[in-house]
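Below is one structure, written out as structure tokens, with a few remarks after it.
Only the coordinates and a few stated rules stand behind these numbers; no lab work does. Keep in mind the model is a prediction, meaning the values are calculated, not measured. A quick note on method: Cβ atoms are made from the backbone with ideal geometry, for glycine too, and the neighbour counts reach across all protein chains shown.
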Amino acid sequence: MGAFAPTLSAWAQSQPAQQQLPLAPQVKGSRPRANPAVLTPAATQLLPEVKDLAAPNPLALPTKPSQVQISELRPIGLLEAENLAEVNNPNLKLIASQVDQAQSSLRAQIALWYPTLSLSANSLPSYTGGQQYTKGLSSATNGYSSTNRWFYGTQVQAQWALINPQRVPAIAAARDTFEKAKDQYLISLRELRLQVDVAYFNLQQADDSVRIGQESVRASVISLRDARARFQAGVATKLEVLEAETQLARDQQLLTDSLASQAIARRTLASLLDLPQTVTPTAKDPARVVGTWQPSLQESIIAAYAFREELDQALLDISIANSTANQALGAVQPFLNIFNTFIAGRYQGSQSVLVDLPGSMGWNVDNSIGLSVTWNVFDGGAAAARSRAAKQQAQQYTYQFAQRRDEIRRDVESSFYELEKNNRNLTTTAREVLSAREALRLARLRLEAGVTTQREVVNNQRDLTQAEVRHSNAISDYNRRLAELRRRTGLDQIALCTPPALPAVKPKFEGVSNVPVEQPALLPACQAAKAVL
């Protein structure tokens with residue numbers, strides 16, 4: 001528990017017995033280890049259906065327009081999208097690389113337990129030359145001396161730290177940092193799967209919006225055609241024609257917005273999957289409710305506390321801060337090293353005193369072994385201050401743990417309540433769609449019978465479009481909340497829905513499905529703005 005244990009113990013003793021809850025270090029341990037078994041591992045190979053969609057080279061950079069021009073629309077299912085993201089996504093690879101870096105740093109710290117062997121050669125070779133004049137009390141000691149010598153020497157030193165007060169806390173901090181990196185990988189994998197699911201559901205919603213927009217435009221074209229025919233027959237007014245034209249323009253705007261949202265949703269998914277530059281994904285699966293969430297709210301909250309790696313990271317931060325405090329105190333404790341130094345050299349040259357002597361050569365070998373002690377007895381209180389700061393940081397991380405715990409519960413409850421809301425909206429919006437369809441059918445029959453006006457048909461058609469949009473949004477929102485609960489709880493307890501039995505060929509409705517949907521000509525923005533002035 002380290003420096004924050006007294007604070008937590010004092011807090012626990014101050015609480016009433018019936019309100020005491022187990023502390024996180026007692027449940028998870030003060031130094032929790034990452035457990036990859038709680039999460040399905042990331043895929044390492046692409047599925048056969050998408051094997052040709054491997055990510056391009058990380059340093060690839062297109063330089064020509066043809067290299068980024070979309071040449072293929074590839075239908076992709078949700079499972080295929082998750083597989084592509086796990087294999088291709090560069091951010092996940094980046095986090096995996098950081099795990100390897102943390103492991104290498106840990107190995108570097110573990111090396112502190114091993115002896116070191118160093119080789120140095122400052123004279124390989126070295127030359128010494130010079131002259132010196134000496135004047136003594138007698139003339140016999142007066143004269144010149146000269147040196148002209150080459151020297152070859154090397155030194156080998158072995159050292160082993162018998163006592164190093166900073167070694168154990170440094171290795172402990174590196175090991176905790178490694179565990180944090182592994183936890184971060186699991187967090188990133190969960191987050192990537194959530195992002196892919198949400199992006200895929202957004203694409204399904206955009207596709208559904210395009211379908212609704214096309215059906216609305218077709219219905220508006222039919223209404224406008226009927227209004228003009230009735231106007232020419234003298235049984236309708238110009239106002240009814242204008243109302244039909246207004247509704248057609250409104251539906252064309254809906255279709256235009258939906259097409260833009262569809263294009264953006266496709267490219268958003270493509271960026272997550274890191275697809276080739278010329279490929280754009282499309283949703284192969286239609287927008288359908290995925291399933292039903294099985295656990296209760298209380299079970300979801302407890303599961304989130306148990307499986308969320310963010311809480312483990314907060315505990316590891318506390319442990320790292322305590323190790324840093326111990327490492328700072330180690331700076332003012334004695335260090336004991338055993339060493340062995342071997343020195344060997346060889347010289348060649350001459351050294352003359354008063355008179356020239358012939359050249360000489362020789363060698364020398366020295367070996368020494370012993371103990372060395374280093375003790376920084378007084379440093380002005382710097383080590384104690386650094387240790388105190390690290391312990392205060394550990395105290396800070398305890399409050400961050402509480403903050404993350406509360407955020408996790410808030411997120412789970414928010415997703416759970418939103419899921420319940422969207423579940424109710426599925427029923428109400430479905431009923432609204434059925435009622436709006438029947439109302440539109442009756443309004444058209446009343447118009448053909450001459451007992452109503454075009455206004456009633458236009459209003460009912462607009463109501464149907466809005467009802468279908470709300471129902472599509474409810475399906476997408478429901479699926480997104482399911483994906484969020486899977487991410488925020490670590491559970492995968494979803495009862496999948498039975499796929500509906502649909503015919504192999506989509507039915508066509510006479511008078512509606514055969515009407516072509518044409519986008520109006522795209523005018524420059526300045527010209528389009530002046531049209532209403």
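Give the Rg/Rh ratio for the stretch 159-289, taking Rg as the radius of gyration of the Cα atoms and Rh as the Kirkwood radius, to two decimals.
Ratio of gyration radius to Kirkwood radius for the stretch 159-289: 1.47.
Rounded to two decimal places and with Rh computed the Kirkwood way over Cα pairs, what is Rg over Rh for the stretch 213-360?
Numbers: Rg = 41.9 Å, Rh = 26.5 Å.
A ratio of 1.58.
From the P(r) of the stretch 156-196, can you give the percent of Cα pairs sitting at distances over 14 Å?
67
Mind grabbing the base-10 log of I(q)/I(0) for the stretch 270-319 at q = 0.14 Å⁻¹? Debye formula, identical points on the C-alpha positions, no solvent, two decimal places.
-0.76
May I ask for the distance between the Cα centers of the stretch 94-114 and the stretch 256-327, given as a whole number of Å?
27
Quick check on the exposure proxy: order W150, W293 from fewest to most C-beta atoms within 10 angstrom.
Numbers: W150 15, W293 23.
Least to most surrounded, the residues fall as W150, W293.
Scale the Cα Rg of the stretch 24-157 by the rule-of-thumb value 2.2 N^0.38 Å and send over the ratio, two decimals.
With N residues counted in the stretch 24-157, Rg over 2.2 N^0.38 Å equals 2.42.
To make sure I understand, if each residue's beta carbon is the centre and we count other beta carbons within 10 Å, what order do V38, V469 fall in, fewest to most? All intermediate terms of the calculation are to be shown ahead of the outcome.
Values: V38 12, V469 20.
By the 10 Å Cβ count, ascending: V38, V469.
Convex hull volume of the Cα atoms in the stretch 25-99, per residue, in Å³?
Working: hull volume 10.2 nm³, N = 75.
That works out to 136 Å³ per residue.
Mind putting together the pair-distance distribution for the stretch 164-220? All Cα pairs, 10 Å bins, whole percent per bin, short to long.
The distribution over the stretch 164-220 is 20, 20, 16, 14, 12, 9, 6, 3, 0, given as percents.
Taking 28 Å as the cut-off for C-alpha to C-alpha distance, list the pairs among K28/K421; K93/K391; K180/K391 that go past it.
Too far apart for the 28 Å limit: K28/K421; K93/K391.
I'd like the Kirkwood hydrodynamic radius of the stretch 91-131, using the inverse of the mean 1/r over distinct C-alpha pairs, in Å.
After inverting the pairwise mean of 1/r, the radius is 14.5 Å.
Over what distance in Å are the Cα centres of the stretch 175-231 and the stretch 371-443 separated?
Answer, in whole Å: 25.
Stokes-Einstein diffusion coefficient for the stretch 318-446 at 25 °C in a medium of 0.890 mPa s, Rh from the Kirkwood formula over Cα pairs: what value in µm²/s?
In µm²/s, the coefficient is 101.
Based on C-alpha coordinates, I'd like the Rg and Dmax of the stretch 436-496, in Å.
19.4, 61
Would you mind working out the magnitude of the charge dipole of the chain relative to its Cα centre, with +1 at each Lys and Arg C-beta and -1 at each Asp and Glu C-beta, to the nearest 20 Debye? If you can, show how the numbers build up before the last one.
On the way: 54 positive and 48 negative charges, 87 e Å.
For this selection, approximately 420 debye.
Within 10 Å of each residue's Cβ, count the other Cβ atoms and sort Y399, Y200, Y185, Y347 from fewest upward.
Ascending number of Cβ neighbours within 10 Å: Y399, Y347, Y185, Y200.
Report for the chain the percent antiparallel among DSSP-assigned beta bridges with both residues inside it, nearest 5.
So the antiparallel bridges in the chain amount to around 90 percent.
Please identify which residues in the stretch 192-236 have an amide N closer than 12 Å to a label point set 7 Å out from the Cα of R437, following the Cα→Cβ vector.
Residues passing the 12 Å test: none.
When N counts the residues of the chain, how does its alpha-carbon radius of gyration compare numerically with 2.2 N^0.38 Å, as a ratio?
Working: Rg = 39.2 Å, N = 533, 2.2 N^0.38 = 23.9 Å.
After normalising by residue count via 2.2 N^0.38 Å, the value is 1.64.
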